[in-house]
Amino acid sequence: MGFTPGAISSNGLPGAATVEKTSLKESILFAFDRDPSINQQAAQLGIGQARIDEARSGWMPQISLTGSTGHSQTTDSSGSLKKSAAYGLSLTQLVYDFGKTNSAIDQASAQRDSYRYQLMGTLSDVAEKTALSYVEVLRYTALTQAAQDNIAALQNVQRLAMLRSQAGLSSTSDELQTETRVAGMRATVEQYKAALNSARARLSVLTGINAKTLSPLPASLEVEDDSLDSIDYSLIPAVLAAQTMETAAQHGVTQARSQHWPTVSLQGGRTRYESTNRAYWDDQIQLNVNAPIYQGGAVSARVQQAQGARAMAASQVDQARFDVLQKASVAQADWAGARGRMQAGIQQLNNALRTRDVYKNEYTLSKRSINDLLSVEQDVWQSTLSKISAEYDGWSAAINYASAIDNLMPITGIEKNAEAKLPDLS
């Protein structure tokens, strides 16, 4: 399948820069820069990294300054001590917590990876949305041009009818019938122009550019007949995001279970006390063990919640694979159907074109009526319409398939950075 559109007139849409020509790759890259959902998902990725840093801080020493002022009195066997102020420095260092902190770090890391894959999925969605809009512009450009070509063909018939009428070989009604068909097709052209303007407006909003000419679609978009058997689910962002969320849920179970075990930390501090009769320093360094004995079943309940979240995450992995297979299967079926319809349309068009040539010759010899000529022109138009519709239905199906298996960006020439697992937008 393929079609090289003619020039597309500019509408000068507000907020869209006018360019002479653009390709599918350029349109997608412009859409990446413009779509707010990508910035939102990128911000979510930044939040995920900050959560990792927060979890890692559990292993860092916790240092704090303390200070107080006001009346305070301590009474013991040696008498009373009245203090008016106290200030000092304290330090706490976690020694061992039976996996609480490490599980929190691992869980945050898995969630961050899930956000990265979700960002990749968002990029794929934006690319798909842009590519489908791109196809619609090409579709209505082709339909508009085909309708204009049909008008030109009808006008040729009209001129032929006029010459025969002037020669007294036919009545003026032949010319009038042809004019009626021309008027009807002009209305069709206007409908397609309106649809083309709408499609171009949608593409301009997505990309921020208004191109006069669109490059043809890459032939590499075509779908292989046995491609469903070669889907690599381990590379698809939706599946990867679900898998990392399952991993995060597993770390959540480990973290919840670790709440049954104690936390060991080293605490030290130096505090200065100001009193009415003397001032002194209070120095301390202690090994602190905090071991929960009974919390009313709260820890066990948290473990059950975490196990439920893990089970849900596991089912979401299966759901993600199912969704990919379903979308890819439907797209492949649509592609095959469109390809079959296109081949039938081409054959029908070739037959109609041959019939038109024969009918024209027979009309000049008074062996055919004007209705025969107009009927075959209608056949040419219908077969052309069927061919174009099937062609671009196929391209839409191919884009849906490539998006389903996360192959749309590589096909259009947007290479992914293997290290960061994100596309290179430069």
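Each reported figure results from applying straightforward, stated rules to the coordinates on display, with no laboratory input. Remember, it's a predicted structure, so these values are computed and weren't measured experimentally. Every residue, glycine among them, receives a Cβ derived from its backbone with ideal geometry; neighbour counts consider all protein chains shown.
Compute the Cα gyration tensor for the stretch 150-305, then decide on rounded, prolate or oblate, letting a ≥ b ≥ c be the square roots of its eigenvalues: rounded whenever a/c is under 1.5, prolate when a/b is larger than b/c in the other cases, and oblate in all that remain.
Values: a/c = 5.60, a/b = 3.46, b/c = 1.62.
The shape class here is prolate.
Pairs to check: Lys360/Lys387; Lys21/Lys360; Lys327/Lys387. Give those whose C-alpha atoms are more than 30 Å from each other in this structure. Spell out each step's value before the answer.
Working: Lys360/Lys387 24 Å; Lys21/Lys360 40 Å; Lys327/Lys387 25 Å.
Listed pairs above 30 Å: Lys21/Lys360.
Rounded if a/c is under 1.5, else prolate if a/b beats b/c, else oblate: with a ≥ b ≥ c from the C-alpha gyration tensor eigenvalues square-rooted, which is the stretch 118-225?
Numbers: a/c = 4.57, a/b = 3.03, b/c = 1.51.
In terms of gyration-tensor shape, prolate.
Output ³J(HN,Hα) for the stretch 349-362: one whole-Hz value per residue in order, computed from phi by the Karplus curve 6.51 cos²θ - 1.76 cosθ + 1.60 with θ = phi - 60°, and x for Gly and Pro.
Running phi through 6.51 cos²θ - 1.76 cosθ + 1.60 with θ = phi - 60° gives 5, 4, 5, 5, 5, 5, 5, 4, 4, 5, 5, 5, 4, 6 Hz.
So what's the stretch 285-426 giving for Rg/Rh, alpha carbon basis, Kirkwood Rh from the mean inverse pair distance?
Details: Rg = 31.6 Å, Rh = 21.5 Å.
A ratio of 1.47.
Compare the Cα positions of Ile47, Thr254, Leu385 along the charge dipole of the chain (+1 at Cβ of Lys, Arg; -1 at Cβ of Asp, Glu; about the Cα centre) and return the one farthest towards the positive end.
Looking along the dipole axis, the top candidate is Ile47.
In degrees from 0 to 90, rounded to the nearest 10, what is the angle of the helix 24-34 Cα long axis to the longest principal axis of the chain?
Long axis of 24-34 versus the principal axis of the chain: about 40 degrees.
For the stretch 342-348, just list the computed ³J(HN,Hα) in residue order, Karplus coefficients 6.51, -1.76 and 1.60, θ = phi - 60°, integers in Hz, with x standing in for Gly and Pro.
Calculated HN-Hα couplings, in order: 5, 4, 5, x, 5, 5, 4 Hz.
What is the magnitude of the charge dipole of the chain about its Cα centre, with +1 placed on the Cβ of each Lys and Arg, -1 on the Cβ of each Asp and Glu, and no other charges, expressed in debye to the nearest 20?
Details: 38 positive and 42 negative charges, 178 e Å.
Its charge dipole is roughly 860 debye.
Amide H of Lys212 versus every other amide H placed in the peptide plane: which residues, excluding those fewer than 5 positions away on the same chain, fall under 5 Å?
Val19, Glu20, Lys21
Give the range of the longest stretch in the chain that excludes all GluC sites (Glu not before Pro) found in loop regions by DSSP and having at most 16 other beta-carbon atoms within 10 Å. List each step's numbers first, then the result.
Working: sites that count: Glu224, Glu415, Glu419.
With a cap of 16 other Cβ atoms within 10 Å, the longest stretch comes to 1-223.
Which is farthest toward the positive dipole end of the stretch 120-238 among Thr122, Leu154, Tyr140, measuring Cα position about the Cα centre, with Cβ charges +1 (Lys, Arg) and -1 (Asp, Glu)?
Looking along the dipole axis, the top candidate is Leu154.
What nm value, rounded to one decimal, do you get for the distance between Glu179 and Ala279 when each label is placed 7 Å out toward the C-beta?
Modelled inter-label distance: 11.2 nm.
Can you give the alpha-carbon Rg of the stretch 94-137 over 2.2 N^0.38 Å, where N counts its residues?
Working: Rg = 19.2 Å, N = 44, 2.2 N^0.38 = 9.3 Å.
Cα-based Rg divided by the globular estimate yields 2.07.
List the chymotrypsin sites (Phe, Trp or Tyr not before Pro) within the stretch 84-180 that fall in a DSSP loop (any state other than H, G, I, E or B) and whose Cβ has at most 12 other Cβ atoms within 10 Å. It would help to have the intermediate numbers written out before the result.
Numbers: sites: Tyr87, Tyr96, Phe98, Tyr115, Tyr117, Tyr134, Tyr140; in loops: Phe98.
Of the chymotrypsin sites (Phe, Trp or Tyr not before Pro), not one in the loops of the stretch 84-180 has a Cβ with at most 12 other Cβ atoms within 10 Å.
Report ³J(HN,Hα) in whole Hz for each residue of the stretch 199-213, in order, from the Karplus equation J = 6.51 cos²θ - 1.76 cosθ + 1.60 where θ = phi - 60°; Gly and Pro get x.
Running phi through 6.51 cos²θ - 1.76 cosθ + 1.60 with θ = phi - 60° gives 5, 5, 5, 4, 5, 5, 5, 5, 9, x, 10, 10, 8, 6, 9 Hz.
Note the full-extension length gain between Asp232 and Asp372 as 0.36 nm times their separation in residues minus their Cα-Cα distance, in nm to one decimal. Intermediate values should be presented prior to the final figure.
On the way: separation 140, 0.36 × 140 = 50.40 nm, distance 5.52 nm.
Full extension of this stretch gives 44.9 nm more.
Starting from the 7 Å offset along Cα-to-Cβ, what nm value, one decimal, do you get for the label separation of His260 and Ile293?
Going from the His260 label point to the Ile293 one covers 1.8 nm.
How large is the helix-only mean residue ellipticity at 222 nm for the chain, computed as the sum of -39500 (n - 2.57) over DSSP H runs with n ≥ 4, divided by its residue count, in deg cm²/dmol to the nearest 500?
Numbers: 8 runs with 261 residues, N = 426.
Using -39500 (n - 2.57) per qualifying helix, the result is -22500 deg cm²/dmol.
Which whole number of Å³ per residue matches the convex hull of the alpha-carbon atoms in the chain? Kindly include the intermediate steps, with their values, before the conclusion.
On the way: hull volume 90.9 nm³, N = 426.
Normalising the Cα hull of the chain by residue number yields 213 Å³.
Only Cα pairs within less than 10 Å get springs; with that Gaussian network setup on the chain, which residue of Asp379, Asp393, Asp357 has the largest fluctuation?
Among Asp379, Asp393, Asp357, the largest GNM mean-square fluctuation belongs to Asp357.
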